[in-house]
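Report on the structure given below.
The values are calculated or read from the model by the stated rules, or taken from the named source; none is laboratory data. Note that the coordinates shown come from a computational prediction; the quantities given were computed from them, not determined experimentally. Positions of Cβ are generated from backbone atoms using ideal geometry, with glycine treated the same way; all protein chains shown enter the neighbour counts.
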Amino acid sequence: MASAPPLTDSFGRIHNNLRISVTDRCNIRCFYCMPETDVKFVQRREILDFEEIERFVRIAVKLGVTKLRVTGGEPLVRRDLPVLIRRLAAIPEIQDLALTTNGVLLPELAGPLYEAGLRRINVHLDTLDRARFAQITRRDDLGRVLAGLETVKRLGYGPIKLNAVAVKNLVEPDLVPLAHYARENGFEVRFIEFMPLDAQSLWDRGKVLLAEDIIRVLSREIAPLVEIPDRDPRAPALEYRFADGVGRVGFIASVSRPFCLNCNRIRLTADGKLRYCLFAIEEDDVKGLLRGGASDDEIAALIRRNVAGKWEGHEINSSRFVAPPRPMYSIGG
Ligand code: SAM
Ligand code: SF4
């Protein structure tokens, strides 16, 4: 139980969910996230070390954080990630520890991560087609991702979710095969509407494949999708199940149905900046405090200030929208 009042913002939203980016580096180059070449990575000494991350998490749990997701960049390229996972899994207040990965290194690392205490995993997979995988990620690694998924399934991870970015005029041929693959393997596929967080400013509204269009296709081609009414109201995904009883599909409809009103998340970037929203323009410098001799109370006060200043929601659907200065890989998706 938290020993202090919960992290509440000025709209009454309680924050118990922390996403930690452990690196801004990545071994592939998805076009909706990273540039193809000349990626500007943060210097290694600017990246929080494991002691700093664990200290921050231990302060955050005293403020009511119970859910952690480790992400990146690609978290599996961070050296000794299982060591960090073991340390985070040992924090008693953490009820839910999860990882988001592109899966390329899962064949080697799924075992050590499981041994370290990880059970929940989201694997990013947009397509089962090798050529389209290479077109999207600019790498030829589909085989490794599929082998990684076999491995996590064999080891007993659960739930295993697939994250697919929904880009119009690109991934339509992948919707049905991905959903079949997920149903056959007991995975839940979640379609994430393409958001304006790419490094090359390629996004525009016309490139977003909307949740409602995907629902229509899957309902027609596989089985009717039925919304699950009793889902966690704090979860960002709209959850559906196939009417034939086989499998679930989630939608993160940040563009067509933003979930800001229920948002319970804060984010720590790999270089130690605290953000109250994926799209935040401002951020607070946690690393400066961690490395400057600040007390736990001072860091807790910074977290409270950050949450207190949180805006009502992103403005993707308004003419006032300004894309954040950091692209996805540098924030931590
Ligand atoms: N590298 C890991 C991965 O790809 O899963 C973790 C970090 S990645 C930034 C987290 C998730 O962000 C990915 O699973 C991908 O689905 C999603 N993503 C990346 N760029 C996106 C964008 N522009 N719009 C929507 N989702 C995006
Ligand atoms: Fe790497 Fe993930 Fe970004 Fe793709 S979405 S480039 S895998 S960080």
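Taking the conditions exactly as written (among the hydroxyl-bearing types (S, T, Y) and within 20 Å of the chain's Cα centre (by Cα)), does Y181 satisfy them or not? It is false that Y181 is among the hydroxyl-bearing types (S, T, Y) and within 20 Å of the chain's Cα centre (by Cα). Annotation for segment 145-160: no member residue is among the charged types (D, E, K, R) and within 16 Å of ligand 2 (Cβ to nearest atom).
For segment 1-28, enumerate the residues that are within 16 Å of ligand 1 (Cβ to nearest atom), of a type in the set (D, E, K, R) and touching a Phe, Trp or Tyr at 6+ places or on another chain (Cβ under 9 Å).
D24, R25
State yes or no: is I121 more than 22 Å from C33 (Cβ to Cβ), β-branched (V, I, T) and either crowded, with 19+ Cβ neighbours inside 10 Å or away from ligand 2 (no atom under 16 Å from the Cβ) (or both)? Taking the combined requirement at face value, the residue does not satisfy it. Taking the criterion of being in a helix (DSSP H, G or I) and within 17 Å of I252 (Cα to Cα), no residue of segment 116-134 qualifies.
Taking the criterion of being β-branched (V, I, T), touching a strand residue (DSSP E or B) at 6+ places or on another chain (Cβ under 6 Å) and in a loop (DSSP other than H, G, I, E, B), no residue of segment 137-185 qualifies. Only one of (1) more than 26 Å from P236 (Cβ to Cβ); (2) surrounded by fewer than 21 Cβ atoms within 10 Å (Cβ to Cβ) fails for T66. Which number is that? Among (1) more than 26 Å from P236 (Cβ to Cβ); (2) surrounded by fewer than 21 Cβ atoms within 10 Å (Cβ to Cβ), the lone unmet condition for T66 is (1). Among residues of segment 216-228 that are touching a residue at least 12 places away in the same chain (Cβ under 8 Å), those with a Cβ under 8 angstrom from a residue that is of a type in the set (V, I, T) and not in a loop (DSSP other than H, G, I, E, B), sequence gap 6+ or separate chain, pair up as V217/V176; L218/V176; L218/V249; E221/V176; I222/V176; L225/I215; L225/V249. Of the helices (runs of 4 or more DSSP H) lying entirely inside segment 37-115, the ones with 2 or more residues being within 16 Å of ligand 2 (Cβ to nearest atom) are found at 106-115. Residues in segment 251-264 that are surrounded by fewer than 23 Cβ atoms within 10 Å (Cβ to Cβ) and not in a loop (DSSP other than H, G, I, E, B): I252, C260, L261, N262. Does A134 satisfy being under 20 Å from C26 (Cβ atoms) and without any contact (Cβ under 8 Å) to a residue 40 or more places away in the chain? So A134 fits the description; yes.
Residue-wise test of (1) closer than 25 Å to R55 by Cα; (2) within 16 Å of ligand 2 (Cβ to nearest atom); (3) in contact with a Leu (Cβ under 9 Å, 6 or more places away or on another chain); (4) modelled with pLDDT of 95 or more.
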position	(1), (2), (3), (4)
Y240	no, no, yes, yes
D244	no, no, no, yes
G250	no, no, yes, yes
F259	no, no, yes, no
A270	yes, yes, yes, yes
D284	yes, no, yes, yes
L290	yes, no, yes, yes
V307	yes, no, yes, yes
S319	no, no, no, no
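Right, L7: away from ligand 2 (no atom under 16 Å from the Cβ) and surrounded by 21 or more Cβ atoms within 10 Å (Cβ to Cβ) or not?
So L7 passes the test.
Tally up the residues in segment 178-192 that are crowded, with 22+ Cβ neighbours inside 10 Å and hydroxyl-bearing (S, T, Y), please. Of the residues in segment 178-192, 0 are crowded, with 22+ Cβ neighbours inside 10 Å and hydroxyl-bearing (S, T, Y).
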